[in-house]
């Protein structure tokens with residue numbers, strides 16, 4: 001099912017949570033809504049579900065205008081941030097709930113068989129008669145997913161699906177959700193504030209800030225070509241240097257890179273730690289090393305440029321560097337954004 | 001984008017306008033008939049025979065004596081029960097000991113015991129047929145059919161009021177603050193007055209207000225132990241009964257109007273204290289803890 | 001068990017035990033002792049006399065009627081006060097506590113005045129052929145009045161704290177309002193409803209002040225058990241009073257135990273394991 005949001009606006013009290021958002025999600029696509037808290041991502045998800053109504057604009061499911069359809073008739077599967085499992089029902093009863101209350105009457109045997117299938121799908125065979133309080137967080141998460149899938153939703157919506165879990169469980173569940181998605185091919189929209197989660201899992205990432213979409217694209221597109229300093233910073237660690245653009249070149253702390261097509265003026269240069277390197281000869285940014293942090297997969301070097309700016313970059317484990325060394329920080333690549 | 005924002009919310013369970021109006025209507029009618037009407041009729045009946053009769057009743061020596069006795073009972077029973085409530089809450093929430101659950105049950109017993117049963121029970125302790133009665137009689141000490149009996153019976157009926165407000169709150173607040181204060185060298189009393197008390201003052205006051213209302217209004221237990229001697233052991237509620245059965249309805253309602261006024265003030269005080277957060281923490285017995293689903297707002 | 005590091009255990013526990021012992025345990029023990037001193041045959045004769053049995057019947061049946069009425073009315077009231085906002089809801093919310101705050105004798109004469117044959121409600125109901133004052137129906141109304149807040153005030157906080165996401169989840173799974181209420185909301189309210197019902201029932205069983213004015217107090221028909229105890233006392237039949245009082249006391253303890261047991265059963269699902 002294709003979903004289309006058309007100039008959607010939502011205001012709470014006086015706070016404008018979502019400002020004129022238009023978005024299309026293709027049938028079978030797995031899309032992440034990524035943004036810091038307060039960016040309106042959960043509100044968008046809840047409007048798609050029908051748990052909130054848009055103040056302005058329209059939401060289409062396929063050819064149907066779903067804007068005013070209440071949640072119970074919208075045919076979406078929603079996985080809540082804290083799962084919202086019914087605490088007085090067993091795991092199996094939770095999963096069966098949607099089938100039992102459905103207008104379509106089903107045989108008990110058919111419901112039981114479907115519950116067994118879903119328990120197998122989410123790898124919880126044998127836990128059907130436990131209560132939610134008796135299973136782990138990761139297991140609850142999977143029960144919530146099975147419960148949402150039980151009603152054969154046209155669209156699957158997940159609100160911070162892994163937010164409340166440990167890092168290890170999170171990584172496992174991420175892979176597993178991706179597998180389930182390829183198996184079922186159901187249009188899926190999920191909300192996260194964790195850029196790694198969005199990039200690992202999604203076909204397409206929609207980045208939000210203050211209720212507006214600032215950039216969208218495949219993980220590769222948004223990572224390789226961030227269109228703004230916000231996206232650059234939000235997607236990962238970055239060094240920031242004050243820069244000056246003159247005649248198609250940006251100059252920062254003694255380094256210079258090509259920036260074709262930018263107007264002259266003040267700017268900022270962004271470079272990820274992996275975009276920088278250390279060399280004893282110029283050209284580059286003259287700097288001295290203040291500290292070396294050893295890590296399992298390499299060495300993180302902290303340095304201070306002659307201009308006083310702090311820089312962080314990674315070198316390979318074999319590289320002999322130590323605090324007090326002088327040299328040059330070289331730029332492999334960088335992004336320059338004009339100061340507004 | 002020029003259309004004004006329409007604040008529409010998706011319907012929650014029970015939000016259909018017809019159902020909603022119907023339910024509100026039924027509830028309001030029942031509240032008006034069952035709760036509001038009795039309050040109104042007290043005022044109406046109190047002044048049925050005119051302002052003069054009302055004033056005569058209120059200023060009659062027997063009525064004044066009944067008021068004095070009611071106030072006296074409250075002045076003794078409420079502070080004693082407050083001290084007990086604080087001691088019980090401190091012992092139960094700040095320490096672990098055997099039999100704590102049992103002690104909690106025993107403290108709550110007066111809530112489920114009929115006031116008549118309480119009165120009869122006191123008869124068998126301090127009455128002439130009772131355990132201590134003959135001994136007390138020898139020394140000429142009169143407890144039953146006298147003021148001490150009235151006060152004791154009131155204490156029984158209201159014993160749990162303060163403790164019940166404090167225990168769940170102090171349980172929820174834990175022991176960290178007190179332990180920190182003690183580790184910094186504060187004495188026990190100092191810790192209580194400067195650390196514990198500021199955190200429980202509203203709940204404490206809430207319990208005191210409710211306790212006071214019940215002491216002043218207690219009827220069943222007091223009527224057993226008081227002996228109903230006009231002008232001597234009649235509290236205000238007993239005085240009302242006496243007047244009522246003497247066919248002085250207007251007088252009974254006039255006296256009742258004083259107690260009704262106290263009840264209204266109690267409720268106003270209760271609402272004001274609830275604004276300060278009192279009465280919000282409830283015992284786990286009446287509040288299921290939904291372990292798997294603690295409500296948290298989404299971003 | 002955690003070590004006790006704070007001061008004041010001997011004092012606070014000592015005061016508590018002394019007070020509870022003197023004020024609560026001693027009198028009740030004396031009552032039980034007095035009743036037990038009767039011997040089984042005399043005891044049984046008194047508590048199973050036809051007048052006593054009639055008083056149990058009218059007390060229990062009226063209390064049951066009042067509790068069932070309050071179960072529905074109390075739940076509706078708690079629902080309206082937590083879910084709907086209408087002009088004056090705060091006043092209604094505050095008024096729910098009036099039966100707690102209003103002395104029972106005052107409530108008794110007020111209800112009687114309303115429901116006697118020439119009272120505001122009594123005269124209207126009388127024309128319809130319904131007699132309330134001095135009948136079991138009057139007893140029931142007095143019980144409804146005094147025990148209503150128990151159910152409202154135990155259900156209301158649970159309803160307020162109900163995670164809205166549970167309802168939303170049930171809606172997203174296609175549940176109708178009625179199905180969600182019956183299968184999700186009501187089961188989650190059950191422990192609180194049970195607590196409220198048993199408190200309300202216990203209060204109705206023991207109620208005295210509000211009832212004696214409206215009841216008519218005719219032996220064998222409108223005489224409640226609490227009043228029978230009182231009458232036995234006035235006849236200086238202390239042993240009979242003790243015996244019948246012990247029946248009320250044991251019933252109260254039984255209700256307490258039953259409630260605890262039902263609640264722990266109703267909350268089984270929250271136990272981790």
Inset, instruction - Treat the count of other C-beta atoms within 10 Å as a stand-in for reagent exposure and order B:262, A:44, B:67 from fewest to most. - result: B:67, B:262, A:44
Legend entry - Förster radius 41 Å - calculated FRET efficiency between residue C:33 and residue B:189 (Cβ-Cβ, nearest 0.05): 0.55
Legend entry - Cα-Cα separations in the protein assembly as shown greater than 42 Å, expressed as whole percent: 52
Inset, instruction - Quantify how strongly other chains surround peptide A:127-135 by giving the mean number of their Cβ atoms within 10 Å of each of its Cβ atoms. - result: 4
Legend entry - Cβ-Cβ FRET estimate between residue A:302 and residue A:203, R0 fixed at 35 Å, reported to 0.05: 0.45
Legend entry - Contact order relative to length of chain A, as percent, for alpha carbon pairs under 8 angstrom and 6 or more apart: 16
Legend entry - Acute angle (nearest 10 degrees) that the helix A:108-121 long axis makes with the longest principal axis of chain A, alpha-carbon atoms: 20
Inset, instruction - Obtain the nm distance between the two label points defined at residue A:279 and residue B:18 by a simple spin-label model: each point lies 7 Å from its Cα along the Cα-to-C-beta direction. - result: 8.1
Inset, instruction - Sort A:209, A:233, A:41 so that the residue with the fewest other Cβ atoms within 10 Å of its own Cβ comes first and the one with the most comes last. - result: A:233, A:209, A:41
Inset, instruction - Express in nm, to one decimal, how much length is gained between residue B:71 and residue B:261 on full extension, taking 0.36 nm for each residue of separation and deducting their alpha carbon distance. - result: 66.9 nm
Legend entry - Centroid-to-centroid separation of segment C:66-123 and segment B:75-117 [C-alpha atoms, Å]: 29
Inset, instruction - Can you check how the C-alpha radius of gyration of chain C compares to 2.2 N^0.38 Å, as a plain ratio? - result: 1.21
Inset, instruction - Please work out the Cα center distance from segment B:7-46 to segment A:226-248, rounded to the nearest Å. - result: 61
Inset, instruction - For each of B:245, A:310, B:65, A:82, count neighbouring Cβ atoms within 10 Å of the residue's Cβ, then give the residues from fewest to most. - result: B:245, A:310, B:65, A:82
Inset, instruction - Please build a GNM for chain B, connecting alpha carbons under 10 Å apart, and tell me which residue among B:181, B:252, B:32 fluctuates the most. - result: B:32
Inset, instruction - May I ask you to derive the relative contact order of segment B:22-282, considering only C-alpha pairs under 8 Å and at least 6 residues apart, and to give it as an integer percent? - result: 32
Inset, instruction - Only helical DSSP H runs with n ≥ 4 go in: add -39500 (n - 2.57) per run for chain C, normalise by residue count and round the 222 nm mean residue ellipticity to 500 deg cm²/dmol. - result: -23500 deg cm²/dmol
Legend entry - Nearest-ten-degree value, helix A:91-101 long axis tilted from longest Cα axis of chain A: 60
Inset, instruction - Mind giving me the nanometre distance, one decimal, between the label points for residue B:32 and residue C:68, set 7 Å out from Cα along Cα→Cβ? - result: 2.8
Legend entry - Inter-label distance, nm, simple model (7 Å from Cα along the C-beta direction), residue B:228/residue B:64: 2.6
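Under the definition of Cα pairs under 8 Å and six or more residues apart, what whole-number percent is the relative contact order of segment A:237-338? Before the final figure, lay out the partial values.
On the way: 254 pairs, mean separation 32.4, N = 102.
Once normalised by length, the contact order is 32 percent.
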Inset, instruction - Would you calculate a helix-derived [θ] at 222 nm for chain A, using -39,500 (n - 2.57) for each DSSP H run of n ≥ 4 and dividing by the full residue count, to the nearest 500? - result: -7500 deg cm²/dmol
Inset, instruction - Count, for each residue of A:227-239, the Cβ atoms from other chains sitting within 10 Å of its Cβ, then give me the mean as a whole number. - result: 0
Legend entry - Directionally averaged projected area (convex hull, Cα atoms, segment A:3-232), nm²: 12.9
Inset, instruction - Could you tell me how many degrees, from 0 to 90 and to the nearest 10, lie between the Cα long axis of helix A:167-184 and the main elongation axis, the longest principal axis, of the Cα atoms of chain A? - result: 60
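Every number here is computed from the coordinates shown, using simple stated rules; none is lab data. Since we're looking at a predicted model, the values are computed, not measured. Note that each Cβ is placed from the backbone with ideal geometry, even for glycine, and that neighbours are counted across all protein chains shown.
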